[in-house]
Amino acid sequence: MNYRVVQRVLFRMQFDHRFAARVIAGECDAVAAFGDVEWSLFEKVDPRAVAADKNNRRRTQCLGNILKEFVLSATMADRQGHSLGKGFFSSTEFHDAIMRDESLPLAFVSFSARQLDSMELPATRLLLKLEGAMALHRRELPKMREGLRGPGVILDGSARLGEFPDGTAAWAAALKISLEAAIKIPADQVQTQVPAPPTGDEASEKLLLRKCETPSAFTFPEVSIEVLEPGVALLLTRTQGGLPASDFDAFSKDLGAEPAVLRSFVDSLLEEGILRRY
């Protein structure tokens, strides 16, 4: 018996009653992986019993856990008359994530982004892009770089760069502060209480996303955000693929800085853990 397939199909059935009915009727692709033993477990099951969820507690709890990583996006969507995550448990993204043993929060980002593409909700879309980048970075494992010409420096695995419309970080921070202070802002007063959301017409800003230390190996790290000055952004962008020490002098000219100044600044980034040596 393929216990993993059975477990994952059953989990999907518990969250999506229409899917449960199709499985038991033998009308979906999921049953293609069933043998006679697996099928015998499902053929006499009442789909209403499998998908029973009094007061939607199971779905509500699961969605609530996911939304903890997307508080700003969900809040802004609610202010704009949209319930972020509605329909997620019947989506392709949800079902594929379960069968492939992939992250539900990242599947949620893909699902929500697809929904928002057809809606005039640019503020929610921008916050989802930001919080989605943070969710991805929490789960990213350090990449092994091969063929680097050393010695040199490279962006540490705890750091990630992102590009967003100018003012995104300040706007998101103001929204977060308003939520933490439990200030309830009516939808028609949002722009008078916090900075107006970037429109996308402004110049872009480069953000540094950094993982913070976690108190437990069983929790995902928090991610901090920092707006980078243009010169720092150029340096960190260059180090993503590795910056050999032999190229420091030439690169310092590109930055318009003295080689000694660049080396001193690189040393400070190494001390902070933003860069590492190779």
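The values are calculated or read from the model by the stated rules, or taken from the named source; none is laboratory data. Remember, predicted model here, so these are calculated numbers, not experimental data. Using ideal geometry, Cβ is built from the backbone for each residue, glycine included, and neighbour counts are taken over all protein chains shown. Note: accessible area is taken over every heavy atom of the protein model, side chains too, but ligands, DNA and RNA are not part of it. Shrake-Rupley method; radii C 1.70, N 1.55, O 1.52, S 1.80 Å.
Of the residues making up region 68-100, those that are touching a helix residue (DSSP H, G or I) at 6+ places or on another chain (Cβ under 8 Å), over 20 Å from residue 118 (Cα atoms) and either in a loop (DSSP other than H, G, I, E, B) or open to solvent by 40 Å² or more (accessible area, probe 1.4 Å) (or both) are 69, 71, 96, 99.
One residue alone among 68, 86, 54 is closer than 23 Å to residue 177 by Cα and among the basic types (Lys, Arg), and that residue is 68.
Determine if region 250-266 includes at least one residue that is assigned to a loop (DSSP other than H, G, I, E, B), modelled with pLDDT under 95 and of a type in the set (Asp, Glu). Yes - at least one qualifying residue is present in region 250-266.
Does residue 60 qualify as being within 29 Å of residue 119 (Cβ to Cβ), at pLDDT 85 or above, of a type in the set (Val, Ile, Thr) and open to solvent by 70 Å² or more (accessible area, probe 1.4 Å)? Considered against the rule, which asks whether it is within 29 Å of residue 119 (Cβ to Cβ), at pLDDT 85 or above, of a type in the set (Val, Ile, Thr) and open to solvent by 70 Å² or more (accessible area, probe 1.4 Å), residue 60 comes out as yes.
All conditions but one from (1) in a helix (DSSP H, G or I); (2) farther than 20 Å from residue 159 by Cβ apply to residue 147; the one that does not is (1).
Scanning region 76-98 turns up no residue that is at positive phi and either of a type in the set (S, T, N, Q) or touching a Cys at 6+ places or on another chain (Cβ under 9 Å) (or both). The residues on offer are 183, 154, and the sole one that is over 21 Å from the mean Cα position of the chain (by Cα) and modelled with pLDDT under 90 is 183.
Number of residues in region 73-129 that are more than 25 Å from residue 163 (Cα to Cα), free of Cβ contacts under 8 Å to residues at least 40 places away in the same chain and of a type in the set (Lys, Arg) equals 2.
Within region 18-41, can one find any residue that is in contact with a Pro (Cβ under 8 Å, 6 or more places away or on another chain) and assigned to a loop (DSSP other than H, G, I, E, B)? Checked region 18-41: no residue is in contact with a Pro (Cβ under 8 Å, 6 or more places away or on another chain) and assigned to a loop (DSSP other than H, G, I, E, B). Only a single item in (1) loosely packed, with under 14 Cβ neighbours inside 10 Å; (2) touching a helix residue (DSSP H, G or I) at 6+ places or on another chain (Cβ under 8 Å) is not met by residue 155, and it is number (1). Does residue 24 satisfy being more than 22 Å from residue 119 (Cβ to Cβ), among the β-branched types (Val, Ile, Thr) and touching a residue at least 60 places away in the same chain (Cβ under 8 Å)? Considered against the rule, which asks whether it is more than 22 Å from residue 119 (Cβ to Cβ), among the β-branched types (Val, Ile, Thr) and touching a residue at least 60 places away in the same chain (Cβ under 8 Å), residue 24 comes out as no.
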